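The values are calculated or read from the model by the stated rules, or taken from the named source; none is laboratory data. Being a predicted model, the structure only gives us computed values, none of them experimental. Here the Cβ positions follow ideal geometry from the backbone for every residue, glycine too, while neighbour counts run over all protein chains shown.
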Amino acid sequence: MYAATAQWIEHKAGARDCQFGQFDTSDITEKAAMTTSETETPRTEFSKYIRFRRPFNKNPPEVICWLNRIDMESDGDRNYRINAYATNVTQAGFIAHIDTWGDSLLNGAAMCFIAFPAGKKHVASGTISTTDIRPWHDPRSKNSGRVMYPKPFDRKPTVLVALHAFDMAGNADLRVRVDIDDVSEEGFRW
């Protein structure tokens, strides 16, 4: 590792409106967790039901996920493909997923999540993707776009951005960075 960067978030102890957690593929304890059959076919989908410490009132919360551990095989014949996401979100919990596909071989991975009340005042979330600005089959080493918030903030907000998925060629070292700048009350550039 030549360099590394991580992001963090502070949360008031005992606060009840947001919940944080993690899902790691090593949490799956079933026999042969990394393979799907006796033929040792690599497993491509990992999921686990996450129950919130306290159920959310009224509506299912928003859940955002990002990767915080990745262990994948690399060589010229394998690509790096991974996606961390949430489905079946209810007031009580959700299903956390870490998947790969195609020729990728996942030895293990982990994702963090934040769940917060849907419609929470002064909070916005969303997804940005290179496919927002170009087709999938036109790979580039640098990609950039602009995000406009659904509703402007009263003052410049703090923005957290982190990777939850990527699909990259495996014929070289994996190097990826996501940055933001030009943050304003209306949006930001990624």
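Here's a check for you: in the stretch 49-74, which residue that is under 18 Å from the mean Cα position of the chain (by Cα) and loosely packed, with under 14 Cβ neighbours inside 10 Å is nearest to Ser125 (Cα to Cα)? Among them, the one singled out is Tyr49. The residues of the stretch 66-86 that are more than 22 Å from Asn171 (Cβ to Cβ) and either without any contact (Cβ under 8 Å) to a residue 40 or more places away in the chain or among the charged types (D, E, K, R) (or both), listed by number, are Arg69, Ala86. Considering only residues in the stretch 75-93 that are in contact with a strand residue (DSSP E or B) (Cβ under 9 Å, 6 or more places away or on another chain) and surrounded by fewer than 16 Cβ atoms within 10 Å (Cβ to Cβ), the one that is nearest to Glu45 (Cα to Cα) turns out to be Thr87. Among the residues of the stretch 59-69, just one is over 14 Å from Gln22 (Cβ atoms) and not in a loop (DSSP other than H, G, I, E, B), namely Glu62. Would the stretch 27-40 turn up any residue that is out of contact with any His (no Cβ under 9 Å at 6 or more places or on another chain), surrounded by 11 or more Cβ atoms within 10 Å (Cβ to Cβ), at pLDDT 90 or above and on the phi < 0 side of the Ramachandran plot? No; the residues of the stretch 27-40 include none that is out of contact with any His (no Cβ under 9 Å at 6 or more places or on another chain), surrounded by 11 or more Cβ atoms within 10 Å (Cβ to Cβ), at pLDDT 90 or above and on the phi < 0 side of the Ramachandran plot. The residues of the stretch 48-58 that are out of contact with any Pro (no Cβ under 7 Å at 6 or more places or on another chain) and assigned to a loop (DSSP other than H, G, I, E, B), listed by number, are Phe52, Arg53, Arg54, Pro55, Asn57, Lys58.
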